[in-house]
Structures are given as C-alpha cells and as structure tokens.
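All of the numbers you see were taken from the coordinates with simple rules; none came from a lab. Predicted model, so just to flag it, every value in this text is computed and none were measured. Neighbour counts are summed over all protein chains in view; Cβ atoms, including those assigned to glycine, are modelled from backbone coordinates with ideal geometry.
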Amino acid sequence: MSKQKSTTTVISGAAAMPSTTTITNANNRAAVVLSRPMRRVLQNFRLLWLDAKLDESNDDFKKSFRRLRRVVASIETFTDAQECIDFLSAVTNQKVFMIVSGSLGQKIVTDIETIPQLESVYVFCRNQSYHEQWANKVPKVKGVYTKIKPICKALQIDLENCDRAMISISFNGRDPLFMYTQLLKEALLEVEDDDVKSIKDLVEYCRLQNDVDEDEIKKVQREYRNQTPVWWYTAPYFMYSMLNRGLREMDVDIILKMGFFIRHLHQHITELHREQKASMPAKFQVFRGQGLSIEDFEKMKKTKGGLMSFNNFLSTSRNRQISINNFARPAAFNTNSVGILFIMNIDTAICTKSSTPFAE
C-alpha cells in the first residue's frame, strides 16, 4: 500500500471549519477570507481511522469504508498520527470513536486515552494475539480485531450507548435553557404544516450537512409513513441521534427541521397513553440505565432532594436487570463516566394530570 500524507475522507461538524484564504496587502497585514460556511454537526459522534498504510484506492479499504459508513456517517481517515491527535484534540461537543492500526495504536493510545472526547478505541491489525498483550491493559480499547465486520458490530452497540448517555439533563429546576426549549417544543406541537414538505426539507438539510448516511436518508424519505414515530425513534437510524443532539445543544435549526417529527412522536405517545390508561397499575416503577459524565455526576450529587429535568423523549424499562446489565454496567467501564441506574416511581393519578404523556 502506498504511504501518503494524512487525508480526511469525510469532513463534517464542529471540527470542519470553514476553508480560509490568507491575503497579504501592501502593508504586510494579513486578512483572512472565509470561502464557505461551516457545516452543522447533526449527530453526537464521529469516527477516526488511523493507519500509516491506508490506501483509499485499495478495494479492501473501499469495502471496509462503505461498511463503516452504514454505522457512522462522519468518518475521517489519517495516515499521520500527530495530525490525527491534533484533530481529535480539537473536537468539541462530540464523542470520538477511533480505529487504529496495531503498530500506531501501540505508540499513541496510552497518550491519548485521557482525552475526554475519546470514547472508544478499536485496534485493527493482522497479529491479534501480539497486540492484545498491550491493548488489554488500556481501558478505552474495546478490542483487537482482524476483520472489519466485528468492529462494525461493536461500534453499533457503543454508538447506541453513547447516544443514550448524551441526553440532556438539567440539575437546576429553573434552568432557563430548559424552560426555553420546553416553550419551543410546545409551540411546535401546535403547528399544522405540510408533512410531505417537512420531510423533504429535513432530507435536503441532512444531505447538505453531509453528516448522515445517504441510505438512511433515503429510507426516511421513502418509508417514513410506513412506520410509527416511536418505531423511528427507537430504530438504529439517525432520527434519534439528531433529535437528541438538537435538544442537548439547544440547536434551534435542528429542532425546527425536526419539528414535524417531535409533533408526530408526541401525538403517538399521547394516543398510546389513552389506549393503555385503563390497564395501567395505579403505581409502578421504571428504570433507566446509562452513563453519566463525572462532571454531571458531581452536579447530581449536589442536588439531592432537588429537581432533575430530562430534556428529551425518555425511554425506560420495567426490567431492572436489563437496565443495569445492558446500559449502566457497560458505562462503568468508561474512565470518563459513571454507570447510573435511575429508578422512577410512577403514580398514574399524578402523572395523568400532567401535560406530559407516557406509554409502554
């Protein structure tokens, strides 16, 4: 494989800054001209792939890249370790997953594992047993692999857990941003617009940002009406991640583009609540397992007896063990987070008086 300068295959989101041109005038003063706008980040994560021998013209690389692209849309490839580290260090408000060759991984992983935005590392090599000797000692290394398919499988699970852990939580009952978001969502519920046009606008918006896989965009475009809003919200497609990010970052642009989906999802949950209300027990418990950043965990400890707000459509389970084993416990292995089990006591008599519907 040819050795070449570090390349970035897909650029999108916060780290994809506008291209610039520097012009020096007669007084030797430099002026910076922005030639294109910065694209928006639509999802909570991105993937970096570092390998000194990456050859983008190679058929095996193309197949592997296409397979990875079906799991995560934003992929950046690098052949130079320092450029990759610089890029990683500059990422903000996103979690980063990294595929790295065995030889480069052995050199850099212990140096970068403390970077907070780095979520997980997958070592991709030919000599699995050799590289497991050092990789197994690094908490953020999720495994050593010789094929791309198991990496994709592990990555899919980790992305879902990442999304789950990144929902917006307020530990201040009077948080103005949360109050503003609630007002915005309530306004969106009253809007009556053309759903066909809204879906078309969302599709065009996602294509423009280049942060969503084209196959997923086409699926929403063609099949949105074939499934329920709850199905789309829980399915492994971009709708959940994008809505989650919009609400967490208070990105009004994303929230407005997904306004029709927020409305449909709320209406669907309301309908289910109406259908299930008579058969619901008067009181019951639900559980939610997830990871919580150390910073948020410290905030939560200080609000004991206070009010917490989840700024999202919250998914829970009546099965305590599923919430622990599938979500809380895996999060505890991440050095940057704490595994949390939320226990919620539901009193239907009180909740029914609320304007917030819930359903199974």
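Working note: 222 nm ellipticity from helices only, DSSP H runs with n ≥ 4, each -39,500 (n - 2.57), summed and divided by the residues of the chain, gives -13000 deg cm²/dmol to the nearest 500. Test of understanding: in a Gaussian network model of the chain with alpha carbons linked when under 10 Å, which of Leu188, Leu243, Leu208 would top the mean-square fluctuation ranking? Comparing Leu188, Leu243, Leu208 in the GNM, the peak value goes to Leu208. Shape of segment 224-359 from the C-alpha gyration tensor: oblate (a/c of 1.5 or more and a/b not above b/c, with a ≥ b ≥ c the square roots of its eigenvalues).
Across segment 108-119, rounded Karplus estimates of 3J(HN,Hα) from the backbone phi angles (6.51 cos²θ - 1.76 cosθ + 1.60, θ = phi - 60°) give 10, 4, 5, 7, 9, 5, 7, 5, x, 6, 6, 8 Hz, Gly and Pro being marked x.
Across the options Asn210, Leu177, His273, the greatest Cα extent toward the positive end of the charge dipole of segment 169-351 (unit charges at beta carbon of Lys, Arg, Asp, Glu) belongs to His273. Here each label is just a point 7 Å from Cα along the line to Cβ, and for Gln321 and Glu132 those points are 2.9 nm apart.
Here the Karplus curve 6.51 cos²θ - 1.76 cosθ + 1.60, taken at θ = phi - 60°, turns the phi angles of segment 343-348 into couplings of 10, 10, 8, 9, 10, 4 Hz, with x standing for Gly and Pro. If you plug the beta carbon distance of Glu214 and Lys53 into 1/(1 + (r/R0)^6) with R0 = 35 Å, you get a FRET efficiency near 0.80. Note on the chain: with charges restricted to the Cβ of Lys and Arg (+1) and Asp and Glu (-1), its dipole about the Cα centre is near 680 debye.
Where in the chain is the longest stretch that carries no chymotrypsin sites (Phe, Trp or Tyr not before Pro) classed as loop by DSSP and with at most 16 other Cβ atoms within 10 Å? Counting at most 16 other Cβ atoms within 10 Å as exposed, the longest clean stretch of the chain is 1-170. Oblate is the label for segment 134-223, because a/c, from the alpha-carbon gyration tensor with a ≥ b ≥ c as root eigenvalues, is 1.5 or above and a/b does not exceed b/c.
Of the residues Glu295, Glu216, Glu160, the one that moves most in a GNM of the chain with alpha-carbon contacts below 10 Å is Glu295. Taking a ≥ b ≥ c as the square roots of the eigenvalues of the alpha carbon gyration tensor, segment 191-289 is prolate, as a/c is not under 1.5 and a/b beats b/c. Its Cα centre serving as origin, segment 247-343 has a Cβ charge dipole (Lys and Arg +1, Asp and Glu -1) of approximately 480 debye.
Every Cα-Cα pair of the chain was included, and the share exceeding 27 Å stands at 53 percent.
Applying the criteria of a DSSP loop state and at most 14 other Cβ atoms within 10 Å to the trypsin sites (Lys or Arg not before Pro) of segment 162-194 yields Arg174. Bridge orientation summary for the chain: considering DSSP beta bridges with both residues in this region, about 50 percent are antiparallel. For the residue pairs Lys63/Lys219; Lys53/Lys137; Lys140/Lys299; Lys153/Lys200; Lys185/Lys218, the alpha carbons lie more than 29 Å apart in Lys153/Lys200. For the residues Gly291, Gly306, Gly246, a GNM of the chain with alpha-carbon springs under 10 Å puts the largest fluctuation on Gly306.
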